[in-house]
1. Let me know the charge dipole size of the stretch B:18-144 about its Cα centre in debye, to the nearest 20, where only the beta-carbon of Lys, Arg (+1) and Asp, Glu (-1) is charged.
2. Tell me the relative contact order for the stretch B:2-220 as a rounded percent, counting alpha carbon contacts under 8 Å between residues six or more apart.
3. Would you list B:Phe109, A:Phe686 from the most to the least accessible area, probe 1.4 Å?
4. Which angle from 0 to 90°, rounded to the nearest 10, does the C-alpha axis of helix A:164-184 make with the longest principal axis of chain A?
5. What are the ³J(HN,Hα) couplings of the stretch A:345-357, residue after residue, when phi is run through the Karplus curve with 6.51, -1.76, 1.60 and θ = phi - 60°? Round to Hz, x for glycine and proline.
6. What does the net charge come to around B:Ser40 if you take all other residues with beta carbon closer than 13 Å to its beta carbon, with K and R at +1 and D and E at -1?
7. Percent of accessible area on chain A owned by carbon and sulfur, 1.4 Å probe?
8. With just the Cα atoms of the stretch B:2-220, tell me how far they stretch along each of the three principal axes, in Å, largest first.
Amino acid sequence: MTDAPAATAPPAKFRLDTVEHADATPDHEQPWADLGLKADEYARIREILGRRPTGAELAMYSVMWSEHCSYKSSKVHLKKFGELPQETPLGKTLAGIGENAGVIDVGQGYAVTFKVESHNHPSYVEPYQGAATGVGGIVRDILAMGARPVAVMDPLRFGPLDAPDTKRVMPGIVAGVGGYGNCLGLPNIGGEVVFDETYLGNPLVNALCVGVLRHEQLHTAHASGEGNQVVLYGARTGGDGIGGVSVLASETFDAEGPAKRPSVQVGDPFMEKLLIECTLELFDAEVVAGIQDLGGAGLSCATSELASAGDGGMHVELDTVPLRDSTLSPEEILMSESQERMMAVVEPRHLDRFMEICAKWDVEATVVGEVTETGRLVIDWHGETVVDVPPRSVAHDGPTYERPYARPDWQDALQADTTASLARPASGDELRTTLLDVLSSPNQADKSWITDQYDRYVRGNTVLAQPEDAGVIRIDDDTNLGVAVSTDCNGRFAKLDPYAGAQLALAESYRNVGVSGGLPLAVTDCLNFGSPEDPAVMWQFERATAGLKDACAVLGIPVTGGNVSFYNQTGETAILPTPVVGVLGVVEDVTKRIKQGFRADGDVVLVLGTTRDELDGSAWSQVAHQHLGGVPPQVDLAAEKALADLMVEVAKQGLATAAHDLSDGGLAIALAEASIRNGVGARVAFEGAGLDRNVFEALFSESAARALVTVAASDLQGFTALAASYGVPVTRIGTTGGDALAVEGQFSIPVTELRDRWTATIPAVMGA
Amino acid sequence: MKVGVVTFPGSLDDVDAQRAVRLAGAEPVALWHGDHDLRSVDAVVLPGGFSYGDYLRCGAIARFAPVMTEVVAAAHGGMPVLGICNGFQILCESHLLPGALIRNDHRKFVCRDQRLRIDNAATAWTSSYEAGDEIVVPLKNGEGGFVADEFTLDLLEGEGRVVARYLDDNPNGSLRDIAGITNERGNVVGLMPHPEHAVEDLCGPGTDGLGFFTSVLSALVK
């Protein structure tokens, strides 16, 4: 970037940089580099416009062409998700990729929309507000589809639990997620919390929201119909978050750089709650022709995307935008990421009713422009034109990069460094100690220090919430129709093999929905990676997206939306590739959902699926040896599908008393968690169970496509026959009951001891 | 039997309270904060949430809502009024109940299943219980620490006006483990935990909370 001119003072606020002025001053030097644009991108803007951009236009292009908004590095790889049939097992999707969020049919006239997004960089800079506004942003995306948001989930990742910076960011992020979501009245029903040293300095804050709507309530983001009014409503526009997308989300952090706090937005969940209720009433009144939330890139995004998706143009009088700070320039107003704002397109005949409803909810609403047939987005400032652009060039025709990617030279060595040579526990005592060590390690330990700061009950429809395998929400009180959602990703597996790792993330999420009794329907993903300018990272990204797409094709479920977060790295060290995958399924009758805890004495304990010697990348290898190497467990999507299909039928028939997926920490951790949940232990044995080759392997292998299930003795025969018909292997390993988890001939651990070790870890570091 | 549930801007558990009223066998009636109108209801629930964003102080602005003028007058006339969580805060701000609710002593929001003991089963909202009953209902608050001066605390205890107490760990630093109190007449009850989240086995830790809503029905029949 040595050819970039030094940032001269931008056009002074009091001397407006109009289109006319830009035309007359082609050689005026502009701070495009400071705004995150590359030289060729700036040249392209000049070419599109046939002149230099005005300051306001430059502001718009810079934010909309940022990595965060334009997906310029990822677009070529994300395209393949579009090749998947846009169909769920229940039929065609109602809205797919490209909308604010995907919408799928769940039956009985209901549709569900869900999406996961990242707010990683802002949350590192300002943990509370960064996390809070991450929740706020995804909720508005869901709302903009015409849906009532009904639940949120938050996959979070931090540096080591005991690292000083984790003590700085984790309490703030958790309080921010809770503070915002709780105040909106949205139950937080799941997510993940993972600790790994690569996330130190790069915490990941992903936020998922689920919304419910009737089919006929679907709304989309487009502005059409000449003369229709463009209404901005919600909070006033202030100076917060200016340049947030370009400065924050698209650059790596430089420890020496200036404080970036002013770029982080500040949230007001109370305003968002009013915005939700107000918007839902606007939908009910049928006075909204098109709608878009204001998130990253604020008004630049909303105006250009609405106009671009419509059939004409738009004319906006920017000086009518209500401001919190009257000194803001047009550029700043266009770039502001002030939260809790929405933009609607309203037919003139509905305008009065629209305004009435906003007034009822004390939500300020202002007509700021109208839809035109010029095909241009024209923005005036006190009567002078400061923006005159083809909207599509801003919103949809941003640059696309074919970033070079290459399998890193260290990948072979990493995969060759397996766990085969690591010492494994052999005696009963060693196995006992190992189980307790893994169970109490930060990644496996009880997360209630975090999740108890989230309201999981509000709205009264929470059927299952963390620590259950999936969150389950009832959507109809009378029919008991509901949805199950899970998010998962094992970044260690993705590091060992990003293709398989992404598939395993999908498989785990899919399995969690299945074992809870949900039929998996669709996928949303949040792809968190390092710098796309590093060919090794780009290779991980390419492999992960390919893996995800191929797996979705086999499972017959579409990717309906998601988000990419790049530049999660410190210096040369990127985070573990972290393709977080959310799966949503339908539960026809939520009263039949299956919970993870052992329920009563005397149930038969079964392992479904095939256990192999698969310890590479496992929780055990991390806890016992701080080791990461080898290849991840085998992916068997046919087996995953058979398992989920079986469990949906098992739930329908009420054949299982408990079910828990086997993943991190393997059977050992699943048994411990299932025992702790209701204080009911179990006695298991592996001899003669087909798992007797090696007790350690049976307990700690992380082979995929497996679940722990309990059934009443009287249902065993029926269950086994059903499993056989789905081709799912069943291994009987023992019986529930007693107040200890006992492995015959090896060890016994009182459930109270399991619980004490499991619950102590996080409070010991963070305080009670 | 009609039980009104007030919606303030920022109320969150209003739909839940309405469901609880319905499951108890009464007709829930939505009341709007801006109306001087109780729509002929027989009892009122002030639900949980963050009325007016909890700005200034929890419940401090809601107290001045037009509907509260009517609620306060009705309460003085003997109408059963239950304030849950934010509703409890509003009742204290309205001086229908003594004391105040402050930030949890551990400074974090807490959501958990909470064991309570019903100490006073003679109020309009607790007659379905027996004194000494132990129940489990969800608790979720950021500012749930009940405080009052020693004189008031002694008075509340002396007059049997402590409706429910926390068992096991005190979740928020409430003085004398107080989870809920009532007025002298026993028609106004403020409770920090959420009985409306424990009214069906499917979506909560059981049905222990339903008694608050069935109680008011029998109180009204009398």
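1. 480 debye
2. Answer for the stretch B:2-220 is 21 percent.
3. Sorted descending by solvent-accessible area, the residues read B:Phe109, A:Phe686.
4. Its long axis makes an angle of about 70 degrees.
5. 9, 10, 5, x, 5, 9, 4, 4, 5, 4, 5, 4, 5
6. Surrounding charge for B:Ser40 is -3.
7. 49 percent
8. Projected onto the principal axes, the Cα atoms of the stretch B:2-220 cover 40, 36, 32 Å.
The values are calculated or read from the model by the stated rules, or taken from the named source; none is laboratory data. What you see is a predicted model, and the numbers here were worked out from it, not measured in a lab. Don't worry about glycine lacking a Cβ; one is built from the backbone with ideal geometry, like all the others, and counts go over all protein chains shown. Accessible surface areas use protein heavy atoms only, side chains included; no ligands, DNA or RNA. Shrake-Rupley method; radii C 1.70, N 1.55, O 1.52, S 1.80 Å.
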